[in-house]
Amino acid sequence: MQFRSNSTSTDAFGSDIKTPKLKVKWFYAADIPNSKPDWYEYTKSKEPEKFIPFSNYDSFRLEKCYQSITDDSIDQTVQVSEDRLFQVNLKNFELSPVYWEGPVYEVRRGCWFDSNGLPLSHSLTQIIEGGYQAKKPYLYGDDIKDTKSKLLSKISKETVNKFNKSVKDKNKHQLKEAQKEIEEKADEELKLKDQSLKDIQSKHLDLLDLENGKTVLYCDERNAVMFPSSMNSDFELDVIRNFGASSISLMSVEKISRGYTEEMGKTIFDNLPSNPLPDLSEIFHDEFNDSFNPNQKTDDKDKKLADREKQTNDLNNLMDLENAESTSNRQIDHLILCIHGIGQVLGHKYESVNFTHSINVLRSTMNNVYLHDDRYQKLAYPDDDVNEMKEKGELKPQFKNNKIQVLPISWRHKIDFHPTRKLQSYDENGNHRLPSLSEINVDGVKPLRNILGDVVLDVLLYYEPKYVNQVFDAVIKELNRVYKLYKEKNPNFNGKIHIMGHSLGSAISFDILSKHFEKEKPNTLSFEVENLFCVGSPVGVFKLLEQTNIKAKQLINEKDPNSKFCVSPECKNLYNIFHPCDPVGYRMEPLVSPRFANLRPEEVPFAMKGFNTQIKGLASLGDELSEKFIKATSWFNKSKTKEEAKDIEVPKTTEELASEENALGDIIKNITKSSENQDPDDIIKKKSLSEKDLQDLTALNRSGRIDYSLPMGVFDISLVSAISAHVSYFEDQDTAGFIMKEVLASDRSPVERKTAQVYK
């Protein structure tokens, strides 16, 4: 039986008293999922311990829908959180993502709470609330004065009418008699009620036995206690009755309370982990450290605990409790579908290394960049004055929407190849015919091979016909599924669709848009693509190996015998974005024409101005200046902690101290003299593109360029930096800012002239 609403009770003495109103709050588990997608091979081993309340807006909507559900209700789901990216199944009490496959978490309707403010399970709540409705503990509270006050306010209608009539007739004698009658009746009911409470306790009518071996004792209208059923002696029960609901702690007695309070919420959020999820680059640093320092490996239990905390944080960021209402129906003009590339197998080792997390980070980064830079705000609202969009320096609520939605497209789990699993191929005896990839690794650098195998394995699969067809089928179906579902959930959406492909995902999306698969394949995209963003892309080297050029479809002459060597992605604008340290990223413009090899890639501007921007800018001053900067940084850090480290400081020579202290001065001198003493050969040369060059490039991108290089940091040269560069685009502000800028400016006309930097 499900208890949905308050009811009216009639006690043995004829007093009609409504069941106290129940303040409900909905919660979701944030640490232990009920289930995960099949490829995780996950089995739930314990019950969740961390529950977080939904936003007031979502909680209200969940309760409203819950109260309206009948046995005949077909749709029992409610979309929640920022942009309604998640849904709650009110039949199964579970929270799951709407547009992608991911962990499924328990949901609880918070009615009864433990002493930590966490909601009891749905089944236990139903039983305890059922006992509450039946035993009516709100009728035998221990505050006699309060009870008398309530009884005086609940006198019968006949008495009230009699009182009113006596006042109207101005009969003082009748008035006194009526007042006396009211007080006598209240005293009589109070005595009877006090005796009734004693009878209830002597007959143990305030107890409810549970199936889990525990007993609930109802103390008053809001408080109860739960304890082992073996504690059933008169002495134990008397002690529990007298002290159970007080602040005194009794062993094995757990206080529970009815109804949510705001104080509970404060306690819950205070106990949540505050550590943000690490960057992917941090994870790779840890993996390298573990691989080459096996004696320093983190304990498995610690890793699992850390993973759960990361998962909790990630889910909380996704739910975005503060903005759930303001973003639930926001206008979306641009939908970006992101296709993952290589390295997703690492998601089996690290909960946070998965594409869904990466896209959630990208979405959050875009929003953060948008809110802090009016250049993007102006692009999103071209008809509004930027100054009028703000109030006291902050954007007005109606302008906080960047009008962009970003969703992940995952396909790797649908391909039947895994580094640690044997292929499903058997000999005549039913034994595996082939080993797994991990079993053919050599021992010399096995840790490094394991890491690189997890990261770059998928590139090899792309050139095996058996797997490439699986990849195309999986990606096209998933793109169409997500697009169709998004249109169903957002019927008013009529915006532009963009595709962002990372690494191998860019090659897949490029080939899909170029129809570079078997001609008989019936699967095609259900939508047109505005912009294709290839990020950290190997498309350049793939097409070079295929001896293929990239050319806009409208510029291909079918009569030209070389036209069969040209590919044309069906999108309005093609972007190739890469980090200088990314070993997987290659240029595309030289494949349009070899003469473009002399053009330097267009530099992606910094997303936001600040100290990090200035630090990155030091890279252009050269290696010598970078070394001086490192020394200056070291000097700053040591100066800051000089007093603390005074006793253990190792003496240095005068030359060493002078070198450190002069480092900052050298930097300043280099900056001020750079323009005066610059070598003519080091001056960056520029040239205007010819009409022919501009025609070839603007046909592929309205900006007149395809290749875009991200800013390079001072310290970005190492093997770890190279791998990190390939996987960390999604958490990079410059990448997020550039893609957002180009998406919001999609309607701009092609440039009519263009200047580019050249190598020589």
Around ASN494 (Cβ within 11 Å, Cβ-to-Cβ, excluding ASN494; K/R +1, D/E -1) the net charge comes to +1
Counting only residues 5 or more apart in sequence or on a different chain, those whose built amide H sits under 5 Å from that of SER514 are GLU570
Taking r as the C-beta separation of HIS122 and ARG748 and R0 as 35 Å, the FRET efficiency to the nearest 0.05 is 0.10
In order over the stretch 471-485: 3J(HN,Hα) from phi, Karplus 6.51/-1.76/1.60, θ = phi - 60°, whole Hz, x for each Gly or Pro, gives 4, 4, 4, 5, 5, 4, 5, 5, 4, 5, 5, 5, 4, 4, 5
The exposure ranking of THR215, THR524, THR70, THR19, fewest beta-carbon neighbours within 10 Å first, is THR70, THR524, THR19, THR215
Phi angles of the stretch 509-515, converted by Karplus (6.51 cos²θ - 1.76 cosθ + 1.60, θ = phi - 60°) into ³J(HN,Hα) in whole Hz with x for Gly and Pro, give 5, 4, 5, 5, 6, 9, 6
The extension gain from LEU545 to TYR463, computed as 0.36 nm times the residue separation minus the Cα-Cα distance, is 28.4 nm
In the neighbourhood of LEU217 defined by beta carbon distances under 12 Å, the net charge of the other residues (Lys, Arg +1; Asp, Glu -1) is -2
For the table LYS25/LYS255; LYS403/LYS487; LYS403/LYS489; LYS378/LYS553, the rows whose alpha-carbon distance is greater than 25 Å are LYS378/LYS553
Around GLN757 (Cβ within 9 Å, Cβ-to-Cβ, excluding GLN757; K/R +1, D/E -1) the net charge comes to +2
Interchain or sequence-distant (5+) residues whose placed amide H lies within less than 5 Å of the amide H of TRP112 are LEU120, GLY259
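Throughout, read-outs are computed from the coordinates displayed, never taken from laboratory work. Because the structure is a prediction, the values reported are computed rather than measured. Reconstructed Cβ throughout: ideal geometry from the backbone, glycine too, with neighbour counts over all protein chains shown.
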